[in-house]
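See structure below.
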Amino acid sequence: MPEPPNGPFPRPGRRAVLAVAAVGLSTALTGTLSACSAASGDTSGITLRFSWWGNDDRAARTEKAVRLFEKEHPGVTVRTSNGDFGSYLQKLATQAAGGGVPDVVQLDYRQISQYASGKAIMPLDGVIEDRTIRTSDMDKDFLRTGTYTGGQFALPMGRGITGYAYDSAVYKKAGIPTPRPGWTWQDWAKANRKIAALGLKSPDGRPYTGSNDGGDNEDVFETWLRSRGKNLYANQTKLGFTEDDLTAFWSFRDRLRREGAIAQARDTVQAKSTETSPIGRRLAAADFTWDAPFPGYTALLGEDIHFAPVPTTDGRQGAYFKPSMLLGIGSQSGHPKEAAQLIDFLLNDPRAGDILGFSRSTPPNRKIAARVAKTLEGPEREIYDYAQTMEKYGLDAPPTAPPPGDLAIQTALKRGYQRVIYGMATPRQAARELIDEANRELES
Amino acid sequence: MRVTSTVSTTRAPERAARTTRSRPRKSKRRQIREQQWPAYVFLSPWMIGAVVLTLVPMAVSLYLSFTDYNLFDPPHWVGLRNYREMLTEDPRYWRSVGTTMLYVVVAVPLKLGLALGVAMLLRNLSRGRGFYRSAFYAPSLLGASMSIALVWKALFNDGGTVTDVLDSVGIHTGGWVGNPDLAVYGIVLLTVWQFGAPMVIFLAGLQQISPDLYEAAALDGASRLRQFVSITVPMLSPVVFFNLVLEVINSFQVFTPAFAVSGGDGGPADSTMFYTLYLYERGFTASHMGYAAAMAWLLLIAIGAITLILFRTSRSWVFYADEEGR
């Protein structure tokens, strides 16, 4: 064995050895790390991530269906996460940027083109072809809402329509007739004034009003526009309404709010879910909403809450059927097969259908919808009948899918109207600003 | 990696030995240089982190600020359009600048004032100082978290404790969170409540001031106020300056409380739409990452400029004891 070198040299030598050891150690570390990630790919313990938005009622039903799926697929764990719509979209965009879209993800109609073109969700044509996801019982035209340049990227979970949840007991007390499909915005204004005139108080002692405001809600604005023969968007790069339209819409509501007939500013800005809406806080008798969350209203407020059509302009109804939400698979998913199985289970399994009911509007699978409809009662029966009634009443053709910029315009509308109700801008000023912002959004 | 390192370890002694004989001065420098590389190896985790997690993202962000990038499609070059739009066409940009300035101008002096005040009280405390110091410091550890911001929201919401207490004494706010005139002050209070961190620094600074100075002043008949103005303030000015710079930089970047309290939308009516929150909204709600990146760069430049101004003005009011004799 050679003698170790003497003099001034052993020190760097020893350091070098240490350095090599350090480098070796760090490779060892990264080695274990990659071993870790390899281990998670093992089929014995698959974890799927599944995220959606919705109220408590939908959350409870979804959890129940997911637990049943887990029971039938031993070794598959589904980690769920949900939130309210606004924060859900932001979170998803953040995840998409990092390539971390959940395995199974609930998407909004207006996200499909962006997420599909940006390859954040994967094409489903393969899993549909090999019948991992069965679509034979679904309406072909309706399935098209989840396509992008010919490929199927997402599957609709329900067919939704806007409506109006109202407290029938209060309406009776105020002597207002039950809202019919042809009731007008003027009828609505009158009803709100009558309710305010009752002089009822909320639990915290404030005046009880007729309805939530809705001026900050793009869906309400769209229904109002359509009832006047217009649309939100003329095409993918152009608005379908003018400054005058928006000014009229906001002025009408602004006046009612000042009279005390509809919810006050502070309650409008705090409304972010069924629970925090004016009706949910027992500050108002009604709320503009969709059919899917309606059962959540009766669960929260009792059987007196009923579902009525959105008011019309001279009998022209602005509501339309729209995919309430869609399901897709994140393109980075490590388990696309299991993710597809979960989607198939949620859409096509009769037991899942029974559990989910109409919590995401009418199920797209016709057999499930018919099966569930037979057993429906209470609020779910009501929204099912409502959809039938509206179909019979006659609705204008649905608009084409909104442009991706719609997400920004939706928040701009909300913010613009907040400026109106706090007196920071007149309806016209705010409308002008929104149109400028929307045009910038659409041309970029 | 292993191969090269063994090679250089065996060769280094020979080379060093050779050069020692011929050119002694240079060889020493060279030897030092050759002895430095293990240091770099040990530093490498940090350096890799700095490059991969800071420098590269910064460069990418600078590039993106000149592009139109929606996260999904590849970015495309638009030159200075983002900057031009921000400065000339976007009224919300300037409103967010105004809101942020208001916040900085109100929150920073309040926080530092409170921190100094409590530090002065604690300095003369003989018993339980450690306890109080920790107690006042605790909010600084918790305050940046989402959960505290949510608690804050619940307190100041319509029907929240603070709102109810104010109602009971006849001040009807209708909930700070839902009131565009008050929402920002709710967030200011949350920030001021976290005065513990600058307080601890002030306390350390106060303990550095020699008691002799106060004794001498007291002998000369200086009042407490006089002592504060003539001794404490100048002796503490470097610490004040340090805290000021730190707080200003932090305050310009306030995000979490506004995000949590407003539910992510900077509402009501943009009243809590701070610069960073608007940046986030542009980037992640509206999917204009290029625009958001441009905003980030202007913020960096603005904070840099303000810090520079603070440093310039500091020459006239910050007193460094060690420069006294020069």
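The values are calculated or read from the model by the stated rules, or taken from the named source; none is laboratory data. Remember, predicted model here, so these are calculated numbers, not experimental data. Using ideal geometry, Cβ is built from the backbone for each residue, glycine included, and neighbour counts are taken over all protein chains shown.
Some observations on this one:
- Qualifying residue in the range A:261-268 (condition: of a type outside the set (A, V, I, L, M), in a helix (DSSP H, G or I) and either loosely packed, with under 15 Cβ neighbours inside 10 Å or touching a helix residue (DSSP H, G or I) at 6+ places or on another chain (Cβ under 8 Å) (or both)): yes
- The range A:341-362: number of residues that are within 19 Å of A:D291 (Cβ to Cβ) and in a helix (DSSP H, G or I): 6
- Per the conditions (1) within 14 Å of chain B (Cβ to nearest Cβ); (2) without any contact (Cβ under 8 Å) to a residue 24 or more places away in the chain; (3) of a type in the set (G, A, S), the sole criterion not satisfied by A:S113 is (2).
- Meets criteria (in a helix (DSSP H, G or I) and not aromatic (F, W, Y)) for B:L141: yes
- Only one entry of B:V318, B:V261, B:V254 meets the criterion of being surrounded by 22 or more Cβ atoms within 10 Å (Cβ to Cβ), over 18 Å from the mean Cα position of the chain (by Cα) and β-branched (V, I, T), and that entry is B:V261.
Residue by residue, here is whether (1) surrounded by fewer than 23 Cβ atoms within 10 Å (Cβ to Cβ); (2) touching a Pro at 6+ places or on another chain (Cβ under 6 Å); (3) within 14 Å of another protein chain (Cβ to nearest Cβ); (4) without any contact (Cβ under 8 Å) to a residue 12 or more places away in the chain holds:
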site: A:P123; (1), (2), (3), (4): yes, no, no, no
site: A:E129; (1), (2), (3), (4): yes, no, no, yes
site: A:T132; (1), (2), (3), (4): yes, no, no, no
site: A:T178; (1), (2), (3), (4): yes, no, no, no
site: A:P203; (1), (2), (3), (4): yes, no, yes, no
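The rows are residues; the columns are (1) away from chain A (no Cβ under 12 Å); (2) part of a helix (DSSP H, G or I); (3) modelled with pLDDT of 90 or more; (4) out of contact with any Ser or Thr (no Cβ under 6 Å at 6 or more places or on another chain).
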| residue | (1), (2), (3), (4) |
| --- | --- |
| B:Q31 | no, yes, no, yes |
| B:Y40 | no, yes, no, yes |
| B:S61 | yes, yes, yes, yes |
| B:L71 | no, no, no, no |
| B:L87 | yes, yes, yes, yes |
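- Subset of the range A:412-428 (residues that are assigned to a helix (DSSP H, G or I) and either out of contact with any Ser or Thr (no Cβ under 9 Å at 6 or more places or on another chain) or within 10 Å of chain B (Cβ to nearest Cβ) (or both)): A:A412, A:L413, A:K414, A:R415, A:G416, A:Y417, A:Q418, A:R419, A:V420, A:I421
- Residue match in the range A:375-383 (condition: more than 9 Å from every other protein chain (Cβ to nearest Cβ), free of Cβ contacts under 8 Å to residues at least 12 places away in the same chain and outside any helix (DSSP H, G or I)): yes
- Sole residue being in contact (Cβ under 8 Å) with a residue 60 or more places away in the chain, more than 10 Å from chain B (Cβ to nearest Cβ) and among the β-branched types (V, I, T), chosen from A:T145, A:T149: A:T145
- When the range A:121-137 is filtered for residues that are charged (D, E, K, R) and assigned to a loop (DSSP other than H, G, I, E, B), the ones remaining, listed by number, are A:D130, A:R131, A:R134, A:D137.
- Enumeration of residues in the range A:139-160 that are modelled with pLDDT under 90 and not in a helix (DSSP H, G or I): A:D139, A:T147, A:Y148, A:T149, A:G150, A:G151, A:G158, A:R159, A:G160
- Positions within the range B:56-96 being hydrophobic (A, V, I, L, M, F, W, C) and either in contact with a Pro (Cβ under 9 Å, 6 or more places away or on another chain) or farther than 20 Å from A:A408 by Cα (or both), in sequence order: B:V56, B:M58, B:A59, B:V60, B:L62, B:L64, B:F66, B:F72, B:W77, B:V78, B:L80
- Qualifying residue in the range B:288-309 (condition: surrounded by 15 or more Cβ atoms within 10 Å (Cβ to Cβ) and touching an Asp or Glu at 6+ places or on another chain (Cβ under 6 Å)): yes
- Single residue of A:S273, A:S251 found to be touching a residue at least 60 places away in the same chain (Cβ under 8 Å), within 13 Å of chain B (Cβ to nearest Cβ) and at negative phi: A:S273
- None of B:G98, B:G113 is out of contact with any Leu (no Cβ under 8 Å at 6 or more places or on another chain), in a helix (DSSP H, G or I) and under 30 Å from B:P234 (Cβ atoms) except B:G113.
- Verdict on A:G99 being surrounded by fewer than 19 Cβ atoms within 10 Å (Cβ to Cβ), within 14 Å of another protein chain (Cβ to nearest Cβ) and at positive phi: yes
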